[in-house]
Amino acid sequence: MLTRYNAVDIETALIEETPLPAFPPAADRTAWAEIRAGAGEDQVQEIISAAEEAAQSDIPSLTASHYLVFKREGERRSYEALIQRRRFMLAQLTLAECLEYEGRFLDAITDIAWATCEESSWSYPAHQSELADMEHQIIDLFASMTGTQLAELLMLLEPELDPLVGKRIRYEMNNRIFTPYLTRHDHWWLYNTEKRSVNNWTAVCNGNVVNAAIRLEQDPARLAEIIARAGRSLDDYMQTFDPDGGSTEGPGYWAYGFGNYVLAAQAIEQRTNGRIRFMDGDQIRNIAQFPLRTLMSPGFYVNFSDCDPIIVFPTSLLVYLAERLDLPGLLTLSKQQDNKGNASRNSELNWALRNLVWQVPPVEETTYIPAENDWYNGMVWMVARRNPQDPDALVLAAKGGHNGEMHNQNDVGNFIVHLNGESVVADIGRGRYTKAYFDHRRYDHFINQSLGHSCPVPNGQMELPHSNPRRGAGNTVINDPDWVSPANYASQLIEHQADNTIDLLRIEMKNVYPQEADLQSLERTIALHRDTPSGWVEVIDEVQFESQPGTLESALTTFGDVELHEGSVTLKGENASLNVSYDAQNLTARVEHIKDVDLAASERDVNRVVFAFKQPQQNGSIRLEIRPA
């Protein structure tokens with residue numbers, strides 16, 4: 001528990017320890033010559049070219065009316081693109097000046113840093129909606145990240161800038177970040193309570209407040225209070241992980257949330273010469289291996305909930321975790337990305353800096369080979385690989401869990417069938433940053449509801465939705481007497497099996513549906529059979545209705561084309577095809593074509609293949625055999 005570190009002991013360590021600089025300032029030309037040599041001229045020239053373009057470009061204009069577009073129309077992407085462009089300019093200009101040290105980017109750095117300080121709010125419109133109240137600043141993901149980027153700009157280049165730039169940044173950081181963080185308790189992400197739930201925000205916001213404070217806060221007592229408060233809150237964040245290290249938010253948010261946790265932990269450990277340590281223990285090692293255990297094929301990861309299927313992790317994050325925790329598989333994974341991770345978070349100075357400094361050391365293996373199966377007992381995720389040595393082999397991912405998970409979608413019982421580097425039976429993924437995300441009539445009835453997943457539908461009823469505590473402006477929590485514990489919408493694990501013949505998950509799902517479903521029992525079994533060279537997947541839904549015969553549908557969601565045959569269906573993806581066999585005497589099959597869903601994860605339309613009882617039944621089952629074509 002991080003709460004073992006109290007503010008008094010932290011302050012003592014801060015006073016007694018005088019560590020070496022976390023990163024060399026630009027004036028240390030020997031160190032930066034080594035960094036430049038390690039990065040290679042291709043990467044260096046890419047940064048310098050981007051900085052030259054930024055120096056010749058106008059700083060994007062941010063207007064009050066544009067900020068309010070989200071409130072009026074629910075559109076957020078256009079404003080976010082402008083503010084992200086500003087941060088990208090700051091990152092590239094700063095690093096280019098450190099690499100060259102010729103002074104030709106200093107004016108542009110001054111302009112962009114000053115413009116950042118003049119932004120009325122560092123929060124995203126989607127997280128605040130209203131115009132900024134300068135006496136009540138909101139700390140969201142982007143505000144806290146902006147704080148770190150400005151702090152690390154000064155860490156690298158403060159002596160080279162006008163003295164008033166540093167003074168202005170410190171003034172804004174104190175008013176926008178440090179004082180609100182220490183004096184208010186209305187940050188919904190800060191503590192887990194009966195009416196608040198924590199997620200990746202808890203790690204990102206706390207982590208960046210700490211990181212910035214370590215760079216800028218001169219008062220050791222105040223800095224100790226910030227670290228101690230963060231430790232208490234980050235304990236809540238760590239409790240969101242499965243005992244085996246899994247996150248229901250998926251690998252993409254692992255990189256975001258846990259990645260920023262790691263940056264703060266590294267900064268604390270460095271500042272105290274190892275006396276305050278947030279990176280020790282088996283839990284950290286388990287969490288760090290989450291990408292390795294959710295890999296389906298190179299670049300493709302299990303994407304349940306609000307997660308992208310294709311992920312490029314910051315290379316420096318994988319390198320640091322591999323070396324700090326002795327996990328060589330993460331080094332191999334970083335090499336497997338072909339160093340594309342250097343561009344994965346390059347709009348943020350902190351990651352762009354670390355991608356330069358924390359370079360991938362030489363590794364013998366260039367392809368990571370995952371295990372045959374991975375299992376997360378707490379969140380009930382199963383990942384089964386027919387042949388891990390073959391990146392094109394069949395992979396099955398399936399989940400149980402409940403509908404109150406972080407970034408929840410109502411997807412208990414959902415599964416993915418991945419073949420030849422493609423999820424042919426797919427989790428359709430994120431709806432974020434799209435109009436569909438804010439048009440709740442579309443979003444709730446397709447992406448978030450079980451209709452948008454490969455889940456059973458008894459008596460026409462979809463899974464019960466997860467009820468979050470309501471939030472007001474700035475995500476402040478409003479007490480809601482109607483809030484219901486999401487634990488009521490949980491599946492029950494009946495069986496998990498993993499051996500050299502089969503990987504199997506069986507769950508009871510009756511509690512995730514409303515009373516109108518009239519369920520006595522609804523068991524779903526999902527299995528990968530290993531008794532053929534290519535393997536095959538079996539899905540069985542067994543239903544017992546309470547009072548009278550009922551209907552049951554089992555669906556498969558796919559981005560591929562669909563061909564219907566008597567007793568079988570062919571799912572045709574871009575790289576692979578699957579044959580799905582069913583009992584045509586008792587079941588019908590149909591295709592629902594969902595056009596223009598406007599998903600961020602794919603521009604392709606979605607096909608929903610539905611297998612249904614021909615007649616209502618008191619007790620019955622739907623069994624599907626899914627085999628590589």
Counting every C-alpha pair in the chain, the percent lying more than 44 Å apart is 23
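From Cα pairs below 8 angstrom and at least 6 apart in sequence, can you work out the relative contact order of region 343-419, rounded to a whole percent?
19
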Rounded to the nearest 10 Å², the 1.4 Å probe accessible area of Thr18 is 120
Here the gain from full extension of Asp133 to Ile540, 0.36 nm per residue of separation minus their alpha-carbon distance, amounts to 141.0 nm
Pseudo-spin-label distance Ala584 to Ser547, built 7 Å along Cα→Cβ, given in nm, is 3.7
Judged on accessible area alone, 1.4 Å probe, highest first, Arg76, Arg232, Arg184 line up as Arg232, Arg184, Arg76
Counting all Cα-Cα pairs in region 507-556, those more than 14 Å apart amount in percent to 57
Check: C-alpha center region 525-565 vs C-alpha center region 608-629, spacing in Å is 6
Which residues qualify? For Val606, with a placed amide H closer than 5 Å and at least 5 residues away or on another chain, they are Ile594, Asp596, Val597
Rounded to two decimals, the Rg over Rh value of region 177-332 from Cα coordinates and the Kirkwood Rh reads 0.97
Projected convex hull area of region 123-167, Cα atoms, direction-averaged, in nm², equals 3.8
With R₀ set to 35 angstrom, the calculated FRET efficiency between the beta-carbons of Lys195 and Ala37, to the nearest 0.05, is 0.05
SASA check, Val363, accessible area w/ 1.4 Å probe, all protein chains in place, rounded to nearest 10 Å², comes out at 40
Which residues qualify? For Gly550, with a placed amide H closer than 5 Å and at least 5 residues away or on another chain, they are Gln617, Gln618
Note, region 307-312: 3J(HN,Hα) by Karplus (6.51, -1.76, 1.60, θ = phi - 60°), whole Hz, Gly/Pro = x, goes 10, 6, x, 9, 10, 10
Scattering profile of region 119-230 from the Debye formula, Cα beads only, expressed as log10 I(q)/I(0) at q = 0.14, 0.19, 0.24 Å⁻¹, is -0.55, -1.00, -1.47
Relative to the compact-globule estimate 2.2 N^0.38 Å (N residues), the Cα gyration radius of region 481-593 stands at a ratio of 1.28
Percent of all alpha-carbon pairs of region 304-433 at distances over 25 Å, whole number, is 38
Scalar couplings 3J(HN,Hα) for region 316-331 by Karplus 6.51 cos²θ - 1.76 cosθ + 1.60 (θ = phi - 60°), nearest whole Hz, x for Gly and Pro, are 5, 5, 5, 5, 5, 5, 4, 7, 5, 10, 6, 10, x, x, 5, 5
A convex hull over the alpha carbons of region 1-98 yields, per residue, a volume in Å³ of 220
Between Ile494 and residues 5 or more places away or on another chain, the pairs with built amide H atoms under 5 Å apart involve Arg506, Ile507, Glu508
Once phi for every residue in region 27-44 is put through the Karplus expression 6.51 cos²θ - 1.76 cosθ + 1.60 (θ = phi - 60°), the whole-Hz ³J(HN,Hα) values, with Gly and Pro written as x, are 5, 7, 6, 5, 5, 6, 5, 5, 4, 5, 5, x, 6, x, 5, 4, 5, 4
The equivalent-ellipsoid semi-axes of region 257-371, taken as the square roots of five times the Cα gyration tensor eigenvalues and listed largest first in whole Å, are 22, 16, 15
Distance in nm between Ile494 and Ser61 label points, each 7 Å along Cα→Cβ, equals 6.4
A student asked for the Cα radius of gyration and Dmax of region 535-629 in angstrom ought to give 14.6, 46
Per-residue ellipticity at 222 nm attributable to helices in the chain (runs of n ≥ 4 DSSP H, -39500 (n - 2.57) apiece, nearest 500 deg cm²/dmol) works out to -10000 deg cm²/dmol
So the angle from the long Cα axis of helix 77-100 to the longest Cα principal axis of the chain, reported in degrees to the nearest 10, equals 50
Taking Cα atoms, the helix 106-118 axis meets the longest principal axis of the chain at an angle in degrees (rounded to 10) of 60
Length gained if Gln283 through Ile15 is fully extended, taking 0.36 nm per residue and subtracting the Cα-Cα distance, is 93.5 nm
Here, Val363 and Glu80, labelled 7 Å along Cα→Cβ, have an inter-label distance in nm of 2.9
In degrees rounded to 10, the 0-90 angle between helix 141-157 Cα long axis and the longest Cα principal axis of the chain is 40
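Between Ala22 and Glu574, what length in nm is gained on full extension when 0.36 nm per residue of separation is reduced by their alpha carbon distance?
Values: separation 552, 0.36 × 552 = 198.72 nm, distance 4.68 nm.
Length gained between Ala22 and Glu574: 194.0 nm.
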One finds the C-alpha centres of region 51-109 and region 143-221 to be spaced, in Å, by 20
Once all protein chains are kept in place, Lys335 shows an accessible area at probe 1.4 Å, nearest 10 Å², of 80
Semi-axes a, b, c in Å (a largest) for region 544-599, each sqrt of 5 times a Cα gyration tensor eigenvalue, come to 26, 17, 9
If R0 = 45 Å, then Glu625 and Asn6, at their Cβ-Cβ distance, give a FRET efficiency to the nearest 0.05 of 0.15
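The values are calculated or read from the model by the stated rules, or taken from the named source; none is laboratory data. Nothing here was measured: the structure is a model prediction, and the numbers come from that model. Here the Cβ is made from the backbone with ideal geometry for all residues, glycine too, and neighbour counts use every protein chain on show. With ligands, DNA and RNA removed, areas are computed over all heavy atoms of the protein, side chains included. Shrake-Rupley method; radii C 1.70, N 1.55, O 1.52, S 1.80 Å.
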